[in-house]
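Below is one structure, written out as structure tokens, with a few remarks after it.
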Amino acid sequence: MASRTVNDLDVSGRRVFVRVDFNVPIKNGVISDDTRIQASLPTIRLLLEKGATVILASHLGRPKGKPNPEYSLRPIADRLSEHLGRPVHFAEDCIGERARAAVDKAGTGGVVLLENLRFHAEEEKNDAGFAKELASLADVYVNDAFGSAHRAHASTEGIVHHVKESAAGLLMGKEVEYLGRVLEAPDRPFVAVLGGAKVSDKLEVIENMIPRLDALLIGGAMAYTFLKARGVAVGKSLVETELLDTARDVERRAQERGLRLELPVDHVVAPKLEQGAPAETLEVGDEAIGERMGLDIGPRTVDTYRAVLADAKTVIWNGPMGVFEIDAFARGTIEIARAVASVDGTTVIGGGDSIAAVAKAGVTDRITHISTGGGASLEFLGGRTLPGVEALKNR
Ligand code: AMP
């Protein structure tokens, strides 16, 4: 059963509680990146156009269940107000008298931002009483925080049981639509590009994707666990020794299914993971690696991966191909970003580093869907049901 979205709601004159993801980087009250605030604007604007009173709630950081000014959402109210071009009333608590007073003050058609949900330990405990208090502020519940949907918290799961109506926000709806489509009905060939630091973080995704994919391209530090499992010399590259058997098992199953699993054939190696370290490109397996580490995929690997991507009709990409934060090891990731952007089909990217890489390559606009919920998108692609998504369906 598909969940309803805000498009299906009649909210004129009604109070709508919207769970958003405003977990933005803030230091000394200054927001350094407001992408997540901007991502929620379409849902907020739509609700306002429909005549709703919009009550926004989010977590910010890890205040551990106690009020802490460092994690206050107040600076976000000001930034949001600039974006919306209208006042945003800030409530110094997310429940109780202060929350209710702010909602009353905002009046019909107004916007309220509640203080950090995690100032109450009950939020993360999914406490029923707390969920009920949140619900009592509104008539309708909308969840637009895909990035928090993998956690069953009071504001993402519990609250749904205490409101008459609930629906997915536009951002949440888009995430579920695109991620759901790649899992259930991908156009073929369907290719996944996985990279980043650890196999362990992406093992569930790999396992769940093996039966669905036509090709799996592996890069980043992750590749070295697979290479080592093949008995290849990897020097001091990052390897998860406890996963060597798992890597062999993945390769075996990929082979059985006729899935093309590609590992780097050349790489950029250096003695240390740092800016200015002397870098050299070697064939993978060349013993000359010695005590050095592999820190980026090499040009021949880029060519191979690019050729596979050129035929793809659906692509998911999560995780950089190397230590792309350092220019000397960024080329592989940037080239893959360009290759993914050139795909004539559906492209879905997740994970902060891959998102930063497409931005750095200047190709963000050419990606079909950029998934903002890092952990949540990995769990979704790993085949897990997300409590925040399920709760909306069950209503
Ligand atoms: P993840 O969060 O798992 O996607 O991992 C991202 C991190 O992996 C980035 O900070 C990269 O610098 C790092 N990374 C990618 N490739 C390598 C590599 N070959 N060796 C060490 N770290 C890497």
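Numbers below:
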quantity	calculated
Residue satisfying all of: in region 166-198; in contact with a strand residue (DSSP E or B) (Cβ under 9 Å, 6 or more places away or on another chain) and within 16 Å of the ligand (Cβ to nearest atom); farthest from Pro320 (Cα to Cα) among these	Ala192
Wholly within region 58-130, helices (runs of 4 or more DSSP H) carrying at least 1 residues that are in contact (Cβ under 8 Å) with a residue 60 or more places away in the chain	96-106, 121-124
Filter result (in a strand (DSSP E or B) and exposed (fewer than 15 other Cβ atoms within 10 Å of the Cβ)) within region 7-57	Lys27, Val30
All positions within region 283-316 that are in a helix (DSSP H, G or I), touching a Pro at 6+ places or on another chain (Cβ under 7 Å) and buried (at least 21 other Cβ atoms within 10 Å of the Cβ)	Thr301
Test: residue in region 270-278 that is polar (S, T, N, Q), surrounded by fewer than 21 Cβ atoms within 10 Å (Cβ to Cβ) and at pLDDT below 95	yes
Top-ranked residue of region 316-360 - restricted to ones that are out of contact with any helix residue (DSSP H, G or I) (no Cβ under 6 Å at 6 or more places or on another chain) and acidic (Asp, Glu), ranked as farthest from the ligand (Cβ to nearest atom)	Asp344
So Leu179, is it crowded, with 23+ Cβ neighbours inside 10 Å, touching a residue at least 60 places away in the same chain (Cβ under 8 Å) and among the aliphatic types (A, V, I, L, M)	yes
In region 317-352, residue nearest to Pro271 (Cα to Cα) [restricted to those that are touching a strand residue (DSSP E or B) at 6+ places or on another chain (Cβ under 9 Å) and open to solvent by 50 Å² or more (accessible area, probe 1.4 Å)]	Ala328
Single unsatisfied condition, Met209 versus (1) of a type outside the set (Ser, Thr, Tyr); (2) over 21 Å from Gly375 (Cα atoms); (3) open to solvent by less than 10 Å² (accessible area, probe 1.4 Å)	(2)
Region 361-377 - residue that is surrounded by fewer than 21 Cβ atoms within 10 Å (Cβ to Cβ) and within 13 Å of the ligand (Cβ to nearest atom) and, of those, modelled with the highest pLDDT	Gly375
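Rundown of residues vs (1) crowded, with 20+ Cβ neighbours inside 10 Å; (2) in contact with a Phe, Trp or Tyr (Cβ under 7 Å, 6 or more places away or on another chain); (3) under 29 Å from His150 (Cα atoms), yes/no style:
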residue	(1), (2), (3)
Ala77	yes, yes, yes
Glu97	no, no, no
Ala106	yes, no, no
His120	yes, yes, yes
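Results for (1) in the same structural domain as Glu280 (by TED's automatic domain parsing); (2) more than 18 Å from Lys198 (Cα to Cα), shown as yes or no for each residue.
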site: Glu325; (1), (2): yes, no
site: Phe329; (1), (2): yes, no
site: Ile334; (1), (2): yes, yes
site: Arg338; (1), (2): yes, yes
site: Ala356; (1), (2): yes, yes
site: Ala361; (1), (2): yes, yes
site: Ile370; (1), (2): yes, yes
site: Lys393; (1), (2): no, yes
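The values are calculated or read from the model by the stated rules, or taken from the named source; none is laboratory data. Please read all numbers here as calculations on a predicted model, not as lab measurements. For neighbour counting, all protein chains shown are included, and Cβ atoms are generated from backbone atoms with ideal geometry for every residue, glycine included. Side chains included, ligands, DNA and RNA excluded: accessible areas come from the protein's heavy atoms. Shrake-Rupley method; radii C 1.70, N 1.55, O 1.52, S 1.80 Å.
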